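Engineer: Have a look at this one.
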Amino acid sequence: MRDFFIFKAMRNALYKIGMLAALVISTACNITQSAASEKTIISERDIKAPNPVILEASVKKNLEYLSSNELHGRETGTEGIEEAAVFIEIMFEENNIKPYYKTYRDTFEVGNKTGCNLIGYLEGSDPVLKNEFIILGAHYDHIGVGKVINGDSIANGANDNASGTVGVLELAKHFSKINDNKRSLLFVLFSAEEMGLRGSKQLAEKLNSEGLNLYAMVNFEMIGVPMQDKNYLAYVTGFEGSNLAEKFNEYSNSKILGFLPRANEFKLFERSDNYPFFQEFNVPSQTISTFDFTNYDYYHHVSDEAEKMDFSHISNLIQSVIPGLYKMANTSEKEIKLNQ
Ligand SMILES: [Zn+2]
């Protein structure tokens, strides 16, 4: 027992040192960049392009940790997912993301277990529009330990959904750094998704009862491997239910989001954490994914591991959604709407 806690403390300390090193490097790069451009205002280029090398290194490091065997598959209510929660809290803290409630944690009971959503907050800069919120979410829980296959029993959940989790963490980091959102942003990592969307359901109900003015919810699920032969980068569930994809592509000046017929066939719109927000708030709430049923054989499998991930694809996707999200956070009107 004691060894475990010493190990845990050491590892947390090592992570903090690692984060600090990354911060020093990225700060140094920023100084070089702004010295070169001799201006302090945020340019369109900065919004579109976080440094790709730093981004990919960070995506890889964070995803490898979250899907490591040490976290035992991040099942809700276990020590493994608690380690992941502490890690996410450190990431929020290091990137100046504030807790939305008193702490980052929103705990709830699910059966005889305790689940814990994590909610980071970046307040909007406009006195009026800051009362409108955009939620960027992903579940960070997974299914834990399953049956032994080739000596391995830990379902690491690298694609499902360490990939979406690191995506949201990178977006939090980026939006905190540019600090130029008129609307307020919530960065939410959900627990108990694998138990039937329990974390998102309870949070959607809670935020609705508190009168949150939700503009839209954008969720990230299984973005670890690219799709082949598509003329868009990711699909969005509930494509026909709103003009999200159309406006998003217009904002991005590029075809980022598209329609995957199989997403409808498998009712994916109702199968991730976007859905409770749609039910509670009746606003655009949709999931972005690149899992198309043909490009990944390890769904809910012990071999869903970091080494199977395409880090360049994940980083590229995160970079690519930034202009669209930035515009969503800054337009004077709520332009993204449900279709009638
Ligand atoms: Zn998932």
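The values are calculated or read from the model by the stated rules, or taken from the named source; none is laboratory data. Every value quoted in this text rests on a predicted model; they were computed, and no experiment measured them. So basically every Cβ, Gly included, is an ideal-geometry build from the backbone, and we count neighbours across all protein chains shown.
Engineer: Select from segment 196-218 the residues that are surrounded by fewer than 24 Cβ atoms within 10 Å (Cβ to Cβ) and either within 16 Å of the ligand (Cβ to nearest atom) or free of Cβ contacts under 8 Å to residues at least 60 places away in the same chain (or both) and list them in ascending order.
Structural biologist: Scanning segment 196-218 gives GLY196, LEU197, LYS201, SER209, GLU210, GLY211.
Engineer: Have a look at SER289, SER303 and point out the one that is under 30 Å from ILE149 (Cβ atoms) and at pLDDT below 95.
Structural biologist: SER303
Engineer: Condition test on GLU270, is it under 30 Å from SER209 (Cα atoms), surrounded by fewer than 16 Cβ atoms within 10 Å (Cβ to Cβ) and within 14 Å of the ligand (Cβ to nearest atom)?
Structural biologist: Working: under 30 Å from SER209 (Cα atoms): yes; surrounded by fewer than 16 Cβ atoms within 10 Å (Cβ to Cβ): yes; within 14 Å of the ligand (Cβ to nearest atom): yes.
For GLU270, the condition - under 30 Å from SER209 (Cα atoms), surrounded by fewer than 16 Cβ atoms within 10 Å (Cβ to Cβ) and within 14 Å of the ligand (Cβ to nearest atom) - is met.
Engineer: Separate question: Inside segment 224-243, can you point out the residues that are under 17 Å from SER312 (Cβ atoms), in contact with a Lys or Arg (Cβ under 9 Å, 6 or more places away or on another chain) and within 16 Å of the ligand (Cβ to nearest atom)?
Structural biologist: GLY224, VAL225
Engineer: Might you let me know whether segment 307-328 holds any residue that is of a type in the set (D, E, K, R), modelled with pLDDT of 95 or more and within 16 Å of the ligand (Cβ to nearest atom)?
Structural biologist: Checking segment 307-328: at least one residue is of a type in the set (D, E, K, R), modelled with pLDDT of 95 or more and within 16 Å of the ligand (Cβ to nearest atom).
Engineer: Kindly list the number of the only condition in (1) within 26 Å of ASN131 (Cβ to Cβ); (2) out of contact with any strand residue (DSSP E or B) (no Cβ under 7 Å at 6 or more places or on another chain); (3) surrounded by 23 or more Cβ atoms within 10 Å (Cβ to Cβ) that fails for GLU333.
Structural biologist: (3) is the only condition that GLU333 fails.
Engineer: Filter segment 50-107 for residues that are polar (S, T, N, Q), part of a loop (DSSP other than H, G, I, E, B) and surrounded by fewer than 17 Cβ atoms within 10 Å (Cβ to Cβ) and give the result.
Structural biologist: Once the filter is applied, which keeps residues that are polar (S, T, N, Q), part of a loop (DSSP other than H, G, I, E, B) and surrounded by fewer than 17 Cβ atoms within 10 Å (Cβ to Cβ), segment 50-107 yields ASN51, ASN96, THR103.
Engineer: Any residue at all in segment 108-119 that is over 27 Å from LEU244 (Cβ atoms) and under 16 Å from the mean Cα position of the chain (by Cα)?
Structural biologist: yes
Engineer: Where in segment 131-171 are there strands (runs of 3 or more DSSP E), lying fully within it, with 1 or more residues that are within 16 Å of the ligand (Cβ to nearest atom) and aliphatic (A, V, I, L, M)?
Structural biologist: The strands (runs of 3 or more DSSP E) meeting that bar are 132-139.
Engineer: Could you list, ordered by first residue, the pairs with Cβ atoms under 6 Å in which the first is in segment 47-58 and more than 13 Å from LEU171 (Cα to Cα) and hydrophobic (A, V, I, L, M, F, W, C) and the second is surrounded by 15 or more Cβ atoms within 10 Å (Cβ to Cβ) and at pLDDT below 85, at least 6 apart or interchain?
Structural biologist: Correct list of pairs: ILE54/SER26.
Engineer: Sticking with this structure for a sec: Quick test of your reading of the structure: ALA192 fulfils all but one of (1) within 16 Å of the ligand (Cβ to nearest atom); (2) out of contact with any helix residue (DSSP H, G or I) (no Cβ under 7 Å at 6 or more places or on another chain). Name the failing condition by number.
Structural biologist: In the conditions (1) within 16 Å of the ligand (Cβ to nearest atom); (2) out of contact with any helix residue (DSSP H, G or I) (no Cβ under 7 Å at 6 or more places or on another chain), ALA192 misses (2) alone.
Engineer: Take GLU221 and decide whether it is within 16 Å of the ligand (Cβ to nearest atom) and modelled with pLDDT under 95.
Structural biologist: When the stated conditions are applied, GLU221 does not pass them.
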